[in-house]
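A short write-up of the structure that comes next.
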Amino acid sequence: MLSLTNAWECDIWPHALRLRLGNQTIVRHERTAGETLDSALVALLRLRSASFPWRDSVAFHLDTDDLTLMVQPWLPGVTTPQELLRLAHLQVTRHDNGARRGAGWQVRFESADWQQSALVAGLQQPCWEMLRTLAKRERLRFRGVATPFQPLLKHCGRTLPENALFVTISPHHSRIASRLNHAWHEVSTLSLPSQETHAQLRVIARLSGMADCPRYVMNTEEGQPQVITPQENRV
C-alpha cells in the first residue's frame, strides 16, 4: 500500500545540502560563501513535491560545527543518568569557544549504560531553534536532528562491541569515537587529506592505537554503514 505521507530527510554539511526520501536523492544544493543556512534550506525544501500542510515530516541530519560530540565519564559521586547528563552539559558549555558562546546547547545521550562512560552529543541551541522554526514555517512535522553516529549505533543494535572504532567520513572531516573494554573511550574530529576510505581508516587506526579492532564506518554522503575487520583494512 502506498504511503500518503512523505518523510523527508535533509542532510546538512558545511559544503552542501541534500534532500532525500529514504535513500533516494531528490535534490542537492552546493553551499556558497555568504549564503545563510536558513535561506539555503528554505530554497531546498521548496523544491519538494507539494502536499497538504502538516501531512509530511522532515528530519535533519547534521554534520557541521554546530554539532559537538564527547565522551562523559561516569565520575565518582554521580548517582543517576540525569546527573551525568547535567555534568556533560557543563563540560560542553565550558569548552565552547565558538563565535556564539553563551547562546546555549542542547545536550543528549547518543549511547549510555549504567555507571559507564556515555557518548554525548551537543547541538548549538540557535541551530536547533532555526531548524524547528523552519519546519514549522514550511508546515512540516519536525522529527528532530540526527547525528552522524546514529546510523552506526543503530546498525549495531542493542549489543555494542567490546573494542571498536566508529568512524564517519565526509569531505569536510572525519569523526571518530572509540570503545575500549565495553565502554566509550574517546571522541575526536580530524581533517584528513582526500583519499580512499581504507587509506583513511589505516591512518585513523594508527593514530588511535587501535589497529587490531573492527571499524564501524559510514561515508555520510553514501549513507550505508559497514563493518571493516582489521584483516580487511590491511589489504
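Values as computed for the structure displayed
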quantity	calculated
Compactness of region 24-103, expressed as Rg and Dmax over alpha-carbon positions, Å	18.8, 54
Kirkwood Rh, angstrom, the chain [1 / mean 1/r, Cα pairs]	19.1 Å
Net charge contributed by nearby residues that have their C-beta within less than 15 Å of SER49 (K/R +1, D/E -1)	+2
Highest-fluctuation residue, GLN116, GLN82, GLN200 considered, GNM on the chain with Cα pairs under 10 Å	GLN82
Of HIS173, HIS29, HIS95, the one that fluctuates the most in a GNM where the chain has Cα springs shorter than 10 Å	HIS95
Whole-number D in µm²/s for region 150-233 (Stokes-Einstein; Kirkwood sum over Cα pairs; 4 °C, 1.567 mPa s)	102 µm²/s
Folded to 0 to 90 degrees: helix 125-137 orientation relative to the chain principal axis, Cα	30 degrees
Residue-averaged [θ]222 nm for the chain, counting only DSSP H segments that reach four residues, each worth -39500 (n - 2.57)	-7500 deg cm²/dmol
Fewest-first ranking of THR197, THR5, THR79, THR159, using other Cβ atoms within 10 Å as the exposure measure	THR159, THR79, THR5, THR197
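The numbers here are math on the coordinates, done by the rules we state, and not lab data. As the structure is a prediction and not an experimental result, all values here were calculated from the model. All Cβ positions, even for glycine, are placed from backbone atoms using ideal geometry, and neighbour counts span all protein chains on display.
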